[in-house]
Amino acid sequence: MYSIEEIKELIQAVDDSSVGELEIRNDMKEKVTIRKESAMRPVAQQAVEPAPQPVAQPSPQPAETKKESAPEGSEEKNNESNYHEITSPMVGTFYRSPSPEAGAYVEKGATIKPNTIVCIVEAMKLMNELEAEVSGEIAEILVEDGELVEYGQPLFRVNPS
């Protein structure tokens, strides 16, 4: 993986030159793309492997509501446990598409494979593409485009196949 210092040097070199875009790949199939800022989005992309998936904790409900919906809630909890959650590997800004004009990488109901890019999380002006890690169908998109996300925050719920 490229170090932050190496990436900063590349960004500076592109910024100081007349080059509009630079793409570098290494032997481990990691890719860094650096573009001069010409739209609203930041300037660089780097493919990053998502971090291990933390287990989501259900939010507590008032006792009164819990008693009335216990059988239904139990069934819902069982259904949720069948899903795989794609979480954010870092703190940053969530983007559903590669640029403001482009369509979303995935929509609800889309079939994905482990190498399918599902979104971008921008951190420190680096655009980090997130891959699905699993095969299945996007059951739910849990965040809005442009929303700030936290490390480990669920972004997508996937019905694995």
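Observations
- Residue, surrounded by the fewest Cβ atoms within 10 Å (Cβ to Cβ), within region 125-161, restricted to residues that are part of a loop (DSSP other than H, G, I, E, B) and in contact (Cβ under 8 Å) with a residue 60 or more places away in the chain: GLU150
- Contact map, region 3-26: first residue farther than 16 Å from MET127 by Cα, second residue at pLDDT below 75 and part of a helix (DSSP H, G or I), Cβ cut-off under 9 Å, separation 6 or more or different chains; pairs are GLY20/VAL14.
- Inside region 100-112, residues that are in contact with a Lys or Arg (Cβ under 8 Å, 6 or more places away or on another chain) and surrounded by fewer than 17 Cβ atoms within 10 Å (Cβ to Cβ) make up a count of 2.
- Of residues in region 14-23 being exposed (fewer than 14 other Cβ atoms within 10 Å of the Cβ) and assigned to a strand (DSSP E or B), the one nearest to the chain's Cα centre (by Cα): GLU23
- Test result for ASN115, assigned to a loop (DSSP other than H, G, I, E, B), modelled with pLDDT under 95 and either surrounded by fewer than 17 Cβ atoms within 10 Å (Cβ to Cβ) or under 12 Å from the mean Cα position of the chain (by Cα) (or both): yes
- Options ILE7, ILE86, ILE11: the member that is surrounded by 14 or more Cβ atoms within 10 Å (Cβ to Cβ), at pLDDT 75 or above and under 20 Å from LEU148 (Cα atoms): ILE86
The values are calculated or read from the model by the stated rules, or taken from the named source; none is laboratory data. Treat the numbers as computed from the prediction; the structure is a model and nothing was measured. Every residue, glycine among them, receives a Cβ derived from its backbone with ideal geometry; neighbour counts consider all protein chains shown.
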